[in-house]
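A.B. asks: Sharing a structure with you now.
The values are calculated or read from the model by the stated rules, or taken from the named source; none is laboratory data. The structure presented is a predicted model; accordingly, all values stated were derived computationally and were not measured. Neighbour counts are summed over all protein chains in view; Cβ atoms, including those assigned to glycine, are modelled from backbone coordinates with ideal geometry. Each accessible area value is taken on the protein alone, full model and side chains, heavy atoms only, with ligands, DNA and RNA left out. Shrake-Rupley method; radii C 1.70, N 1.55, O 1.52, S 1.80 Å.
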Amino acid sequence: MSSKQLYLRLLRYILPYWRIFAISVLSTIAVAATEPALPALLKPMLDGSFVSRDQTLIKLVPLLLIGLFLLRGVFTFISNYTINWVSTRLVMDLRNLMFQKLITLPTPYYDNASSGAVIANVAFNVNQVTSAGTNVITVLVRDSFTILGLLGWMLYLNWKLTLIALVMGPLIALIVTLFSGRLREMSRSLQNSMGDITHVLDETLDGHKVVKIFGGQDYERQRFHEANNSNRLFSMKYTIAASANVPMVQLLAAIALALIVYIATLQSSTNQTTVGGFVSFITAMLMLLAPIKRLTGISESLQKGLAAAEIVFDLLDRDSEPDNGTLEIARAKGALEFRNVGLRYEENTASALKDFSLKIEPGETVALVGQSGSGKTSLVNLVPRFYHPSSGQILLDGCDIETIRLTSLRDNIAFVSQDVVLFNDTIAANIAYGRKVKAGEDEIIAAAEAAHAMEFIREMPQGLQTLVGENGVKLSGGQRQRIAIARAILKNAPILILDEATSALDTQSERHVQAALENLMQNRTTIVIAHRLSTIEKANRIIVMRKGEIVEMGTHRELLEQDGVYANLYRIQFTAAEAACPHNPAE
């Protein structure tokens with residue numbers, strides 16, 4: 001996207017606030033209009049007060065000066081307030097849009113994206129768009145009108161000297177153009193490097209226990225130093241480009257000023273100009289330097305803002321989760337069928353699932369077992385359409401799930417993962433998360449009781465209103481797992497997916513939760529992923545998977561009698577459990 005396209009697109013987000021923005025622009029023009037008034041007052045003040053001794057001017061000029069700066073102060077305040085109001089609204093709106101996009105992006109995006117870079121873009125880099133969106137316009141309007149006003153006054157005083165100043169314009173424009181590309185490139189690299197810093201920081205903070213126990217402090221220190229130093233180097237390259245720009249422009253302005261002073265001195269010797277006229281001209285000339293400097297520096301802010309806008313629009317232009325379904329369903333019966341399903345996450349990689357076919361009847365409990373990497377989690381992730389099959393179909397009550405609206409499909413599914421996600425809120429809010437946020441306290445308590453969570457919740461000082469901390473850090477692993485199960489119980493969906501749902505529980509807690517889950521599974525289609533085979537002995541069917549394919553299928557007893565893969569896995573676990581907890585010889 002070109003700079004012009006980026007800028008025009010950015011301005012569209014300012015249009016809703018055009019009235020406030022217009023007030024800012026008009027106030028800025030008013031401030032700029034007062035700039036030539038100061039050198040214009042110097043001529044009558046010097047010629048009339050000091051040379052002609054005009055008493056009226058001696059009294060009037062100071063009053064005009066006070067009035068001039070009072071007027072400038074009022075319009076400056078209005079201009080600054082309104083432009084900052086628009087700027088903060090622009091940043092807020094873009095952040096909201098970015099967040100709205102993030103929560104609708106497909107799961108593969110999060111598999112590949114750096115969370116640190118995403119956080120940096122939303123939290124920090126988006127601020128830079130105000131440089132292009134509003135600040136640039138303010139500088140452009142104010143300083144352009146200031147320059148025009150001052151040049152107009154200078155032409156009125158001495159057109160010959162003014163032409164010398166105007167000769168420098170094309171040269172200044174050439175310098176600005178040459179430096180713009182470099183500034184844009186460095187701005188983009190600088191903002192990306194900030195994402196690298198937040199990425200390392202985010203990983204280190206999340207994994208601080210791993211860092212400590214494995215002595216990774218030096219490694220993480222080096223990683224952070226490299227990311228930090230890379231950011232510093234890009235910052236210095238940006239500074240070089242930005243710093244070299246302004247002095248070159250100022251040098252050209254100084255050359256023009258030197259010529260003008262020399263010629264004006266010659267003119268004064270032949271009475272072609274007065275003292276007041278000369279001082280007024282030189283003052284206007286000197287006052288031109290500041291707006292010229294800001295206008296030449298505008299490229300720096302513009303390129304920084306456009307680089308940030310590129311990042312923002314790259315996120316906003318990403319495709320949300322595909323939802324081509326048109327079918328709305330109420331409460332599903334829960335019949336699931338996998339027809340020749342294949343799944344490949346990326347090209348040139350091994351298939352996670354290969355020609356997988358399976359029918360699950362409503363209310364049936366099916367357990368998936370197999371070694372890590374056999375495709376169990378990949379299979380259940382297809383049901384709520386976190387991923388889409390590379391081939392084949394998945395049917396719910398005879399309908400291809402791709403034809404069902406995404407929200408309607410997911411309303412019928414409860415999911416408890418081995419990686420429990422809790423939010424930094426109360427226990428009650430975590431149980432009643434999402435569409436159940438308005439659930440009554442009685443419903444929440446009932447769900448917690450069913451998950452055997454109330455026994456530890458009652459012991460907490462604030463009970464259900466206890467804050468769990470970031471990702472439930474204040475709770476044990478088993479407590480977090482039971483809250484996640486209570487959340488699934490409260491949703492009361494006809495399809496239940498349990499991905500290692502009891503993995504973090506001790507033996508006593510597991511017994512309680514297993515009993516609660518058995519009640520929950522009644523009249524619900526349940527898919528259970530479990531490594532601990534003792535938890536799935538009562539499943540209607542057990543599917544043994546290897547490399548994305550079904551190798552065995554049957555009940556617990558049938559599979560043991562077959563003496564195949566499942567029986568071997570069961571013996572290994574049983575032997576390991578016996579070794580860990582040997583019988584007491586005295587018993």
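A.B. asks: Could you derive backbone 3J(HN,Hα) for the range 417-430 from the dihedral phi with the Karplus parameters 6.51, -1.76 and 1.60 (θ = phi - 60°), listing whole Hz in sequence and x where the residue is Gly or Pro?
C.D. replies: Karplus-based 3J(HN,Hα) across the range 417-430 equals 9, 5, 9, 5, 10, 10, 9, 6, 8, 6, 4, 4, 5, 6 Hz.
A.B. asks: Taking K and R as +1 and D and E as -1, what net charge do the other residues with C-beta under 14 Å from the C-beta of T326 add up to? Write out the running numbers ahead of the final one.
C.D. replies: Details: positive: R405; negative: D323, E328, D400, E402.
The answer is -3.
A.B. asks: Next up: How high is the FRET efficiency between S534 and D319 when r is their beta carbon distance and R₀ equals 56 Å, given to the nearest 0.05? Present the calculation step by step, with values, prior to reporting the outcome.
C.D. replies: On the way: r = 44 Å, r/R0 = 0.78.
Efficiency for this residue pair is about 0.80.
A.B. asks: Just want the answer: with Cβ charges of +1 for Lys and Arg and -1 for Asp and Glu, which residue in N112, S390, A307 is farthest toward the dipole's positive end in the chain?
C.D. replies: Of N112, S390, A307, it is A307.
A.B. asks: Classify the range 438-478 from the C-alpha gyration tensor, please: rounded if a/c falls under 1.5, else prolate or oblate depending on whether a/b exceeds b/c. Please list the in-between numbers first.
C.D. replies: Details: a/c = 1.71, a/b = 1.46, b/c = 1.17.
Prolate, because a/c is 1.5 or more and a/b exceeds b/c.
A.B. asks: Relative contact order for the chain using alpha-carbon pairs under 8 Å, separation at least 6, rounded to a whole percent?
C.D. replies: On the way: 821 pairs, mean separation 84.2, N = 587.
About 14 percent, as a whole number.
A.B. asks: Go through (1) 23; (2) 46; (3) 33 and flag the label whose value is the computed percent of Cα pairs over 43 Å apart for this structure.
C.D. replies: From the options (1) 23; (2) 46; (3) 33, the structure gives (2).
A.B. asks: Would you mind telling me the share, in percent, of accessible area of the range 288-428 contributed by carbon and sulfur at probe 1.4 angstrom? Please list the in-between numbers first.
C.D. replies: Details: 2890 of 6310 Å².
Within the range 288-428, the accessible surface is 46 percent carbon and sulfur.
A.B. asks: Once the Cα atoms of helix 159-206 and of the chain are each reduced to a long axis, what angle between those two axes, in degrees from 0 to 90 to the nearest 10, is obtained?
C.D. replies: 20 degrees
A.B. asks: Separate question: What are the ³J(HN,Hα) values, in whole Hz, obtained from phi via the Karplus relation 6.51 cos²θ - 1.76 cosθ + 1.60 with θ = phi - 60°, for each residue of the range 8-23 in sequence order, with x given for Gly and Pro?
C.D. replies: Values per residue, Gly and Pro as x: 5, 5, 5, 5, 5, 7, 8, 3, x, 10, 5, 5, 4, 5, 5, 4 Hz.
A.B. asks: Can you list which of the GluC sites (Glu not before Pro) found in the range 331-432 are DSSP loop residues with at most 10 other C-beta atoms within 10 Å? Intermediate results must be reported in sequence, preceding the final value.
C.D. replies: Working: sites: E337, E346, E347, E364, E402; in loops: E346, E347, E364.
Here the sparse-neighbourhood loop sites are E346, E347.
A.B. asks: Same structure again: For the chain, find the longest principal axis of its Cα atoms and tell me its angle to the long axis of helix 217-269, 0 to 90°, nearest 10.
C.D. replies: For helix 217-269, the angle is close to 20 degrees.
A.B. asks: Additional query: Can you give the extra length, in nm with one decimal, that the chain gains between A446 and V421 once fully stretched, where that is 0.36 nm per residue apart less the Cα-Cα distance? Kindly include the intermediate steps, with their values, before the conclusion.
C.D. replies: Details: separation 25, 0.36 × 25 = 9.00 nm, distance 2.09 nm.
That works out to 6.9 nm of additional length.
A.B. asks: Got a sec? Charge dipole of the range 66-160, +1 on Cβ for Lys and Arg, -1 for Asp and Glu; which of L155, L90, F124 is way out at the positive end?
C.D. replies: In the range 66-160, that residue is L155.
A.B. asks: I need the shape label for the range 431-504. Rule: rounded when a/c is under 1.5, else prolate if a/b > b/c, else oblate, with a, b, c from the alpha carbon gyration tensor.
C.D. replies: Working: a/c = 1.62, a/b = 1.14, b/c = 1.42.
Judged from the Cα gyration tensor, the range 431-504 comes out oblate (a/c at least 1.5, b/c at or above a/b).
A.B. asks: Give me the angle, in degrees from 0 to 90, between the Cα long axis of helix 275-316 and the longest principal axis of the Cα atoms of the chain, rounded to the nearest 10.
C.D. replies: Value to nearest ten degrees: 10.
A.B. asks: Using +1 on the beta carbon of Lys and Arg, -1 on that of Asp and Glu, and nothing else charged, what's the dipole of the range 441-500 about the Cα centre, debye to 20?
C.D. replies: Using only the charged Cβ atoms, the result is roughly 120 debye.
A.B. asks: A further question follows. Can you list residues from other chains, or at least 5 along the same chain, whose modelled amide H is less than 5 Å from the amide H of A439?
C.D. replies: HN-HN under 5 Å from A439: empty list.
A.B. asks: Could you list which residues have their amide H under 5 Å from that of T365, counting only those 5 or more apart in sequence or on another chain, with H placed in the peptide plane?
C.D. replies: T526, N540, R541
A.B. asks: Ignoring ligands, DNA and RNA, what accessible area per residue does the chain give at 1.4 Å, in Å²?
C.D. replies: Numbers: 30700 Å² over 587 residues.
Each residue of the chain exposes 52 Å² on average to a 1.4 Å probe.
A.B. asks: Residue by residue, what Karplus-based ³J(HN,Hα) values in Hz, rounded to whole numbers, does the range 385-402 have, using 6.51, -1.76 and 1.60 with θ = phi - 60° and x for Gly and Pro?
C.D. replies: Going residue by residue, I get 6, 5, 10, 10, x, 6, 7, x, 9, 10, 10, 10, 6, x, 9, 4, 5, 5 Hz, with x marking Gly and Pro.
A.B. asks: Please list, ordered by chain and number, the residues whose modelled amide H lies under 5 Å from the amide H of D400; skip anything fewer than 5 residues away on the same chain.
C.D. replies: Correct list: empty.
A.B. asks: Answer with one residue from I292, S3, S193: the one whose Cα lies farthest towards the positive end of the charge dipole of the chain, charges on Cβ with Lys, Arg +1 and Asp, Glu -1.
C.D. replies: I292
A.B. asks: Is the range 369-433 best put as rounded, prolate or oblate by its Cα gyration tensor, with a ≥ b ≥ c the root eigenvalues, rounded for a/c under 1.5, and otherwise prolate when a/b is larger than b/c, oblate when not?
C.D. replies: Working: a/c = 2.98, a/b = 1.38, b/c = 2.16.
Since a/c reaches 1.5 but b/c is at least a/b, the shape of the range 369-433 is classed as oblate.
A.B. asks: About the Cα centre, and with charges only on the beta carbon of Lys, Arg (+1) and Asp, Glu (-1), how big is the dipole of the chain? Nearest 20 debye, please.
C.D. replies: Details: 54 positive and 54 negative charges, 540 e Å.
So the magnitude is around 2600 debye.
A.B. asks: Sticking with this one: Full-extension gain between F224 and V551, please, as 0.36 nm times their residue separation minus the C-alpha to C-alpha distance.
C.D. replies: The F224-V551 span can extend by a further 113.1 nm.
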